[in-house]
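Structure record follows, encoded as structure tokens.
The values are calculated or read from the model by the stated rules, or taken from the named source; none is laboratory data. Just so you know, these numbers come straight off a predicted model, no measurement behind them. Counting neighbours? That spans all protein chains shown, and the Cβs are built from the backbone with ideal geometry, glycine included.
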Amino acid sequence: MPADPDRVDRSTPLLAMVQKDPGNALARYMLANEYLKSKRFREALDQLEVYLGMADDEGAGYRMAATAHLGLGAENAAKEDYRKGVEAATRHHHPGMVEEFQAAIEELS
């Protein structure tokens, strides 16, 4: 699917924020999200790996990682992301997210 020509790419200013402050977890999350929207899956995963190592994610970061892995054709890695997302969502009391991730795991199995 081609990129939306009307979509504004916000990755450049977000990358500048990350370069200025590498410990800014929110900027990394936002940059990963922009990369994901642009189907730049490897770059999204690079940012998510750092983000997930520094933040107490509630599950959404793992959903993004799973989406990126699926975009790269790595279904087993996506299932692992969803499993970690179940753990995070459970810790943070997000039962709807837990159900969503469990359904995604089943669909990939």
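In a helix (DSSP H, G or I) and in contact with a Ser or Thr (Cβ under 8 Å, 6 or more places away or on another chain): which single residue out of 50, 86, 98, 18 fits that description?
Numbers: 50 fails: in contact with a Ser or Thr (Cβ under 8 Å, 6 or more places away or on another chain); 86 fails: in contact with a Ser or Thr (Cβ under 8 Å, 6 or more places away or on another chain); 18 fails: in contact with a Ser or Thr (Cβ under 8 Å, 6 or more places away or on another chain).
None of the others qualify; the one that does is 98.
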The listed residue being crowded, with 21+ Cβ neighbours inside 10 Å, touching a Gly at 6+ places or on another chain (Cβ under 7 Å) and at negative phi, out of 14, 31, 48: 48
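Between 65, 77, which is without any contact (Cβ under 8 Å) to a residue 24 or more places away in the chain, assigned to a helix (DSSP H, G or I) and buried (at least 20 other Cβ atoms within 10 Å of the Cβ)? I'd like the intermediate steps shown before the answer.
Working: 77 fails: buried (at least 20 other Cβ atoms within 10 Å of the Cβ).
Answer to the check: 65.
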Counted residues, segment 22-38 - those being part of a loop (DSSP other than H, G, I, E, B) and either at pLDDT 95 or above or among the hydrophobic types (A, V, I, L, M, F, W, C) (or both): 3
